[in-house]
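The structure appears right after this line, and notes come after that.
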Amino acid sequence: MFTHLANLFFEQSQIIPDVEEGAIQVDLSVNRNADGLLVGKAILTQDGLDYAATFSEMEEDGDDIVKTRQLKRVYSHILLEVLEQATGMQQSWGILTGIRPMKLYHKYRREGHSSEEAQQILMERHRLSSEKSALLAKIAKVQLQIVPDLYELKNEVSIYIGIPFCPTKCAYCTFPAYAIHRKSGRVENFLDGLHEEIREMGKWLTERDMAITTIYFGGGTPTSIEAKEMDGLYETMYASFPNMENVREVTVEAGRPDTITPAKIDVLKKWGIDRISVNPQSYTDETLKAIGRHHTVQETVDKFWLSRNMGMKNINMDLIIGLPNEGIDEFKHSLAETEKMQPESLTVHTLSFKRASEMTRNKDKYKVADRETVEQMMKLGEEWNAANGYEPYYLYRQKNILGNLENVGYSKPGEESIYNIVIMEEVQTIIGVGCGASSKFIDPGTGKITQFYNPKDPAAYILTYDESIEKKLAHLNTIFPAPLTK
Ligand code: SF4
C-alpha cells in the first residue's frame, strides 16, 4: 500500500524499516481517541526538514474488512499529505491507486448521498482534487441517462467474446494478440472451440431465459479473421443466444485498420452490427512504426471512411497520450485529424507501462513525455472534446499510467457504449468466451465478485475450452440457481 503511494512521487521507491543514510524518514501512527475518532499523524523528515500531517475521522462500524480498509485509508491519507508537502507535487487522484474511481462515486450515491455530498467525501476522505471529483459526478450523470437501470442490471448478463489474433503485436500491448498464421490450423481450431463455448453458454442462457444487456467482440482484433469466419460466428451467436432482439448493443472492435475490408463490413451489416472501433492511436506514421502497428495513418483514414460510407453508424476511435517521441504538437495533430472524421466516440488513453509489454521490457528504448507535458495533453484532449460536442462517459485508470492520470471515453450524446459502462462499473456478470476472456461473476444477492480467466494462448485454449465451459457453468449455477425468479 505504502509503496504504491510512494511510487507516485519517486520512481521505484523502496520502503525500508530502518533509517538509512540518504533515505527519507517517515513516522506514521493511527490511534483511537476517547470520542471514537481515528487520529492519524505523519512526520516526514528529509534533508533536516520536517513535514507534518494529521487526519481524523470517526471509526466506522463493521467487520474486520471494513475496519482494515478504513485504517489503510487513514494511513494513506496522512502519508500522501506529507509526500505532497515534501515534493511539491499534487496527486489529483489523491490516495486512489485502483483502476475504478467511478465505482466509489457510484457507491456513495447508492448509499443515499447526493452528488455534492459524494464529491465532498471523495475530496475529504480520499483527497481527490475538486476537478476529478466533479469529473466523476459528470460522468455518472451521463451514465445514468444512458442506462437509467444501471443499478438494477444484476439479473442480466453481458457477453465478452475474445479473438486473440492481430496482424502484428503493438509494443505496449499485453492483450492476448497472436500474429495470425493461417497455415498452422490454429485459427480454425480456436474457432471450433469458440463456437462450442458460444453454443454451451447459449444453452444455459436460454434455459434461464436470461436477458443479455450487451455483447462485445474484443481481443486481439476480432476482424483479423476472414469475413466468412466472422459470418459463421455471428450465425452461431444469433442461433444460440436467447432474446437477441432485446440486446441493447453489439460491438465489434475492428481496432486495427489493416484488418478492415469491404467484405467484412458487409458481414457486419448483414447481422445488423453497426458499432465498431477503428483505432488510430496516433496520426504520426513514425509513431505507428515505433510501436509496431505496421499500418499507416492513411490506412486509418481510408478505413474509417470506407466503414462510414458503407453504413457503419457508430464508430469509436482510440487515441493514446504519451506514445514514444510524441509531445504536444503530435497530439494536437491527432486531434485535428480526428476533427475531420467526427467519430461518434473517442477514447483518450494515457500510455501505461504494463509489466508484460515489450515497451516495459525495453523501457530505455522508448522516450516518452514528462508528467507536465502529459497533463497538458490530457487537458488539450478535454478541451477538444468539449469544443467538438463530446461528453465524458466512462473512465478508468491503470497501474503505471503516465502522470498518474486516467483513460476517458468521450462520446457524442446518445452514442455511448453501454458495454464500457457496465464493465467498468461492475454492475452485472460478464460472461467471457474465447481466448484470454475474463469472466466476472457478480452474485446478484451479495455483490461478491468471482473472476475466471480463459487461457490467453490459443494452443492452451484449444486443449482446455471444455473444462472452461464446465467451470463457468458451475459459477453461473451458483449465483443464478434455477429456477430463476426475476
Ligand atoms: S491491435 Fe490491440 S490487441 Fe492487437 S496487438 Fe495492438 S494493442 Fe494488442
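The values are calculated or read from the model by the stated rules, or taken from the named source; none is laboratory data. Just so we're clear, the structure is a prediction, and the values are computed from it rather than from any experiment. Cβ: placed from backbone, ideal geometry, glycine included. Neighbour counts: every protein chain shown. For accessibility, only protein heavy atoms count, side chains too; no ligands or nucleic acids. Shrake-Rupley method; radii C 1.70, N 1.55, O 1.52, S 1.80 Å.
Yes/no per residue for (1) basic (Lys, Arg); (2) open to solvent by 10 Å² or more (accessible area, probe 1.4 Å); (3) farther than 21 Å from TYR172 by Cβ:
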{"position": "PRO280", "(1), (2), (3)": "no, no, no"}
{"position": "GLY292", "(1), (2), (3)": "no, yes, no"}
{"position": "ASN309", "(1), (2), (3)": "no, yes, yes"}
{"position": "LEU319", "(1), (2), (3)": "no, no, no"}
{"position": "PRO324", "(1), (2), (3)": "no, no, no"}
{"position": "ASN362", "(1), (2), (3)": "no, yes, no"}
{"position": "LYS365", "(1), (2), (3)": "yes, yes, no"}
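Considering the stretch 271-289 alone, what residues qualify as being more than 16 Å from the ligand (Cβ to nearest atom) and closer than 22 Å to GLY220 by Cβ?
Within the stretch 271-289, TRP271, ILE273, ASP274, ARG275 meet the criteria.
Which residues, counting only those in the stretch 208-223, are at pLDDT below 95 and assigned to a helix (DSSP H, G or I)?
Selection gives ARG208 alone.
Which of (1) within 24 Å of PRO413 (Cβ to Cβ); (2) open to solvent by 10 Å² or more (accessible area, probe 1.4 Å) does ALA263 not meet, given it meets every other one?
With respect to (1) within 24 Å of PRO413 (Cβ to Cβ); (2) open to solvent by 10 Å² or more (accessible area, probe 1.4 Å), ALA263 is out only on (1).
Cβ-Cβ below 9 Å, separation at least six or inter-chain, first residue in the stretch 1-23 and assigned by the TED database to the domain that holds LEU49 and open to solvent by less than 100 Å² (accessible area, probe 1.4 Å), second basic (Lys, Arg) and not in a loop (DSSP other than H, G, I, E, B): which pairs?
Partner pairs satisfying both residue conditions: MET1/LYS72.
Check GLU197, GLU235, GLU245 and return the single one that is crowded, with 21+ Cβ neighbours inside 10 Å, more than 16 Å from the ligand (Cβ to nearest atom) and over 25 Å from THR338 (Cα atoms).
Values: GLU235 fails: crowded, with 21+ Cβ neighbours inside 10 Å; GLU245 fails: crowded, with 21+ Cβ neighbours inside 10 Å.
The unique qualifying residue is GLU197.
Which of the residues belonging to the stretch 427-486 are surrounded by fewer than 18 Cβ atoms within 10 Å (Cβ to Cβ), under 28 Å from ARG110 (Cβ atoms) and among the small types (Gly, Ala, Ser)?
Within the stretch 427-486, SER438, GLY445, GLY447 meet the criteria.
Please indicate, with yes or no, whether at least one residue in the stretch 139-153 is of a type in the set (Asp, Glu), outside the structural domain of GLU235 (by the TED database) and more than 16 Å from the ligand (Cβ to nearest atom). So that I can check it myself, show each step before the final result.
Taking the stretch 139-153 and keeping what is of a type in the set (Asp, Glu), we get 149, 152.
Narrowing the set further to residues that are outside the structural domain of GLU235 (by the TED database) leaves 149, 152.
Right, trim to more than 16 Å from the ligand (Cβ to nearest atom) and you get 149, 152.
Yes - at least one qualifying residue is present in the stretch 139-153.
Taking the stretch 143-174 only, how many residues are surrounded by fewer than 19 Cβ atoms within 10 Å (Cβ to Cβ) and out of contact with any helix residue (DSSP H, G or I) (no Cβ under 8 Å at 6 or more places or on another chain)?
Total meeting the criteria: 8.
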